[in-house]
Amino acid sequence: MDNSPSDLLPIGAHALSADPRLADAVRQFGSTYGYDYFDDGAVRRTLAEHEAALRRLGRGGLVWAGSLATAVGIVWLIWAATSEPENTPVAVAPPAALLVLALAAFVQVNLQGRRKLRHPFLEGYRHVLAAALAHGAPVSFVPAWLTGRGGGSLDVAPLPSYAAPAGGPATGVRAASVTPPPKPAEVEEYERIAERGGWHDEAGWILVVAGGVGVGYAVVKDLPAAYASVLLIALGIWTWIAGHRLGRRQQQLSGEARRYLDELTRSQAAGAPVHELSPPLRKLLDTRL
């Protein structure tokens, strides 16, 4: 097995079979959808195949064509509307039609993505994860692509509702014979840094631009007090430097974080329960390609 971070499953077969009630539910889902969700190797390969197919769709020619048509249509529409044409409806009709075609392309991509997410294997696996969460089994993460989550917070294909079993933990649950590896201090530092990063470039640009505008205003209006805005430029540069140092340290620690994910993968394959990953580690999994 290739022990890369991408091998880490949301939940392994050992954890699925630890609770007899959960194991029965997973077997029922497997029978309904025609897949063996206890076969970690097959589940890993099939998930990877579907994820790759969705990524290809999101980067395919239809998306590029729609993006290009949108850019050209907007520029054309603005030019047509501001060039004082003799017949405005005739002038704006071609770019408007181009924008409609672009919208149709994006709608088609969205529909294709929804169809891919409704594949029987993925439908069944979402039921498996919902059941595992309801039974209190250790689900390390729910892949964002599996629920169709894009840049927003809404899921196109959310996990189905599943009633939590009554009566608390089932009797006869097998305890895990393998424990997951301890989290190194470097990984904890990576999580802290990743949580507070990502804003330095934007803030630095805003401060520098604001300072530049202030200095320009001071020169034009001959207002000495406005020259104090040069401090904003200095603050922006300092923000850039701080962000560069933080990013460099995060890059150094990301290797240790990936090695930790590798260890989690190996321990999961050996039967250890891998509990929920932190948002920075989940993001590291999502951006591995």
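The values are calculated or read from the model by the stated rules, or taken from the named source; none is laboratory data. A quick note: this is a predicted structure, and the numbers were derived from the prediction, not measured. Every residue, glycine among them, receives a Cβ derived from its backbone with ideal geometry; neighbour counts consider all protein chains shown. All accessible areas refer to the heavy atoms of the entire protein, side chains included, with ligands and DNA or RNA removed. Shrake-Rupley method; radii C 1.70, N 1.55, O 1.52, S 1.80 Å.
Listed here are the residues, each with its yes/no results for (1) closer than 21 Å to Glu123 by Cβ; (2) β-branched (Val, Ile, Thr); (3) in contact (Cβ under 8 Å) with a residue 12 or more places away in the chain.
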site	(1), (2), (3)
Gly12	yes, no, yes
Ala25	yes, no, yes
Tyr35	yes, no, yes
Leu54	yes, no, yes
Gly60	no, no, yes
Glu86	no, no, no
Pro94	no, no, yes
Leu101	no, no, yes
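Candidates are the residues of the stretch 175-206 that are open to solvent by less than 40 Å² (accessible area, probe 1.4 Å) and in a helix (DSSP H, G or I); the one that is modelled with the lowest pLDDT is His200. Within the stretch 58-73, being open to solvent by 80 Å² or more (accessible area, probe 1.4 Å) and part of a helix (DSSP H, G or I) holds for Trp64, Leu68.
Taking the stated definitions as given, is Thr32 in a helix (DSSP H, G or I), open to solvent by less than 80 Å² (accessible area, probe 1.4 Å) and either within 25 Å of Lys116 (Cβ to Cβ) or at pLDDT 95 or above (or both)?
no
Conditions: (1) part of a helix (DSSP H, G or I); (2) touching a helix residue (DSSP H, G or I) at 6+ places or on another chain (Cβ under 9 Å); (3) surrounded by fewer than 16 Cβ atoms within 10 Å (Cβ to Cβ). Pro85 meets all but one. Number of the miss? Answer for Pro85: the failing condition is (1).
Does Leu129 fit the bill of being closer than 30 Å to Leu22 by Cβ and free of Cβ contacts under 8 Å to residues at least 60 places away in the same chain? For Leu129, the condition - closer than 30 Å to Leu22 by Cβ and free of Cβ contacts under 8 Å to residues at least 60 places away in the same chain - is not met. Being within 20 Å of Leu277 (Cα to Cα), part of a loop (DSSP other than H, G, I, E, B) and aliphatic (A, V, I, L, M) is a condition met by at least one residue of the stretch 128-141. Restricting attention to the stretch 114-129, which residues are buried (at least 20 other Cβ atoms within 10 Å of the Cβ) and among the hydrophobic types (A, V, I, L, M, F, W, C)? Result: Leu122, Val128, Leu129.
Here Leu253 meets the list (1) modelled with pLDDT of 85 or more; (2) aliphatic (A, V, I, L, M); (3) open to solvent by 100 Å² or more (accessible area, probe 1.4 Å) almost entirely, failing just condition (3). Only residues that are charged (D, E, K, R) and within 12 Å of Leu285 (Cβ to Cβ): list them for the stretch 254-268, please. Answer for the stretch 254-268, where residues must be charged (D, E, K, R) and within 12 Å of Leu285 (Cβ to Cβ): Arg258, Asp262.
Looking only at the stretch 259-289, count every residue that is out of contact with any Lys or Arg (no Cβ under 8 Å at 6 or more places or on another chain) and part of a helix (DSSP H, G or I) and tell me the total. Residues in the stretch 259-289 being out of contact with any Lys or Arg (no Cβ under 8 Å at 6 or more places or on another chain) and part of a helix (DSSP H, G or I): 17 in total.
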